[in-house]
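Engineer: One structure follows; several queries about it will come next.
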Amino acid sequence: MTEADRYIGEKIRWLRQSKGLSLEQAANAICISWQMLRKYEQARCRLGVARLHALAKFYSAPISFIIEQESITVADLDLLKVTGTVEILEIYTSMGEKEQRERILDFVQTVARSVGVRLGGRTDQMPD
């Protein structure tokens with residue numbers, strides 16, 4: 001299998017786990033065996049378009065989210081499972097002023113340093 005197959009399998013596994021579903025529960029919902037779903041997740045079998053569509057529809061995720069290899073990793077997506085993360089992101093991104101977001105980011109970084117949290121060192125530009 002290709003790197004793309006492995007990436008797609010990781011995304012499918014992440015979607016299932018983020019919903020708190022077992023292999024059996026997710027597989028039953030799309031009418032396949034749990035063994036087959038495991039093979040997709042482990043990239044031991046290549047997904048067909050119809051099955052990919054069924055999975056995307058079941059997980060309420062765009063197909064593009066599953067197949068596109070963007071800079072966001074599965075480890076990054078796992079951060080969204082932490083209680084409060086999504087709410088904080090919604091508030092943060094709804095703030096229209098870049099300066100407000102910069103002040104909040106600076107505050108959070110200051111608090112993190114004060115309690116000994118090592119910051120990840122991302123250097124991404126802050127969006128306007």
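The values are calculated or read from the model by the stated rules, or taken from the named source; none is laboratory data. On a predicted model such as this, the values are computed, not experimentally measured, just so you know. Quick reminder, even Gly has a Cβ in these numbers, built from the backbone with ideal geometry, and neighbours come from all protein chains shown. Heavy atoms of the whole protein, side chains included, go into the accessibility calculation; ligands, DNA and RNA do not. Shrake-Rupley method; radii C 1.70, N 1.55, O 1.52, S 1.80 Å.
Engineer: Could you look through the stretch 46-59, keep only residues that are of a type in the set (D, E, K, R) and not in a loop (DSSP other than H, G, I, E, B), and pick out the one that is farthest from the chain's Cα centre (by Cα)?
Structural biologist: The residue in question is 51.
Engineer: Can I ask one more? Just to be sure I understand, how many residues within the stretch 73-128 are among the β-branched types (Val, Ile, Thr), open to solvent by 80 Å² or more (accessible area, probe 1.4 Å) and either assigned to a loop (DSSP other than H, G, I, E, B) or at pLDDT below 80 (or both)?
Structural biologist: Within the stretch 73-128, residues that are among the β-branched types (Val, Ile, Thr), open to solvent by 80 Å² or more (accessible area, probe 1.4 Å) and either assigned to a loop (DSSP other than H, G, I, E, B) or at pLDDT below 80 (or both) number 4.
Engineer: Could you grab the pairs with beta carbons closer than 8 Å, sequence gap of 6+ or different chains, first residue in the stretch 1-25 and farther than 17 Å from residue 45 by Cα, second one modelled with pLDDT under 90 and open to solvent by 80 Å² or more (accessible area, probe 1.4 Å)?
Structural biologist: 18/81
Engineer: Among the residues of the stretch 60-68, are any charged (D, E, K, R), modelled with pLDDT under 90 and in a loop (DSSP other than H, G, I, E, B)?
Structural biologist: yes
Engineer: What's the total number of residues in the stretch 36-72 that are on the phi > 0 side of the Ramachandran plot and surrounded by 14 or more Cβ atoms within 10 Å (Cβ to Cβ)?
Structural biologist: Matching residues across the stretch 36-72 total 1.
Engineer: Another question, if that's okay. Considering the stretch 16-35 alone, what residues qualify as being of a type outside the set (A, V, I, L, M), more than 21 Å from the chain's Cα centre (by Cα) and open to solvent by less than 90 Å² (accessible area, probe 1.4 Å)?
Structural biologist: Result: 33, 35.
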